[in-house]
Amino acid sequence: MESVPRSKRRATSQKSLGRRSELLGIAAEMFADRGYTQTTVRDIGDAAGILSGSLYHHFDSKEAMLDEILRDFMGSLHAAFAEIVAEGEGPRQVLEGLIRSSFATIHERPHAVALYQNESSLLAHLPDFSYVAQTSNDIAQIWLDVLEAGRKEGTFRQDLEPGVAYRFIRDSVWGSVRWYSPDGKLGHEKVAEQYLAMLFGGLLA
């Protein structure tokens, strides 16, 4: 996957880089809450307390901001999952690691997660964002390989189809971004523990 964003990196000073990061955070939150197409450059500028034209000192366009947010998010997520697999001792430990990492990502980057969840159908029709689908497929394959390895060695049930199991896990974990609160009573570690207890132990006493 190409790692260089399409947006031109005009800013070089530490202060400018910090400002870019701040603007991307504002954009990610607005894209997640309002929707990408419903958010304008002026909206982002107003939220940042600057003229919309000033955004172009940092980014070429609104699309370039979306590209940088998603490229960083997807690349970081894939790298984290690949590292967990490389360091894992067995399928169960790796699966636990992937799930804990996913909930930690939801806690740390809720807007990027929600943006990806909400705009997947739009991104599929944007040719410059084909890397999103490719990286999503690569990530899915990591999970599928772990589930299949666990089934082959007898750690996971033989009668469960890995593709179906993966979809159940994926949708229930990442869907929690819609109700999980980083400032809520339960931290992401506790939520992950609750999820793993239900996944491996079931609901019945």
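At-a-glance table
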quantity: Test for G53: is it surrounded by fewer than 13 Cβ atoms within 10 Å (Cβ to Cβ) and of a type outside the set (S, T, Y); calculated: yes
quantity: Tally, over region 78-87, of residues that are open to solvent by less than 50 Å² (accessible area, probe 1.4 Å) and free of Cβ contacts under 8 Å to residues at least 24 places away in the same chain; calculated: 1
quantity: Criterion: of a type in the set (G, A, S), over 21 Å from R178 (Cβ atoms) and either assigned to a helix (DSSP H, G or I) or in contact with a Pro (Cβ under 9 Å, 6 or more places away or on another chain) (or both) - qualifying residue of A82, A104, A114, A140; calculated: A82
quantity: Filter pass, F156 being out of contact with any His (no Cβ under 6 Å at 6 or more places or on another chain), of a type outside the set (V, I, T) and not in a helix (DSSP H, G or I); calculated: yes
quantity: Members of region 98-128 that are open to solvent by less than 60 Å² (accessible area, probe 1.4 Å) and small (G, A, S); calculated: S101, S102, A104, A112, A114, S120
quantity: The listed residue being more than 24 Å from E89 (Cβ to Cβ), open to solvent by less than 60 Å² (accessible area, probe 1.4 Å) and not in a helix (DSSP H, G or I), out of G175, G163, G184; calculated: G184
quantity: Among the candidates L70, L95, residue that is under 27 Å from L17 (Cα atoms), buried (at least 19 other Cβ atoms within 10 Å of the Cβ) and touching a residue at least 40 places away in the same chain (Cβ under 8 Å); calculated: L70
quantity: Condition check for L199: open to solvent by 50 Å² or more (accessible area, probe 1.4 Å) and farther than 24 Å from G90 by Cβ; calculated: no
quantity: Criterion (of a type outside the set (D, E), farther than 30 Å from A64 by Cα and touching a residue at least 12 places away in the same chain (Cβ under 8 Å)) met by exactly one of I139, I169, I106; calculated: I169
quantity: Output for region 29-42, where each listed residue is open to solvent by less than 40 Å² (accessible area, probe 1.4 Å) and in a helix (DSSP H, G or I); calculated: M30, F31, A32, V41
quantity: Residue, modelled with the highest pLDDT, within region 1-28, restricted to residues that are hydroxyl-bearing (S, T, Y) and either in contact with a helix residue (DSSP H, G or I) (Cβ under 9 Å, 6 or more places away or on another chain) or in a loop (DSSP other than H, G, I, E, B) (or both); calculated: S16
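The values are calculated or read from the model by the stated rules, or taken from the named source; none is laboratory data. No experiment lies behind these values; they were computed from the predicted model shown. Cβ: placed from backbone, ideal geometry, glycine included. Neighbour counts: every protein chain shown. Ligands, DNA and RNA are excluded from the accessible area calculation, which covers all protein heavy atoms including side chains. Shrake-Rupley method; radii C 1.70, N 1.55, O 1.52, S 1.80 Å.
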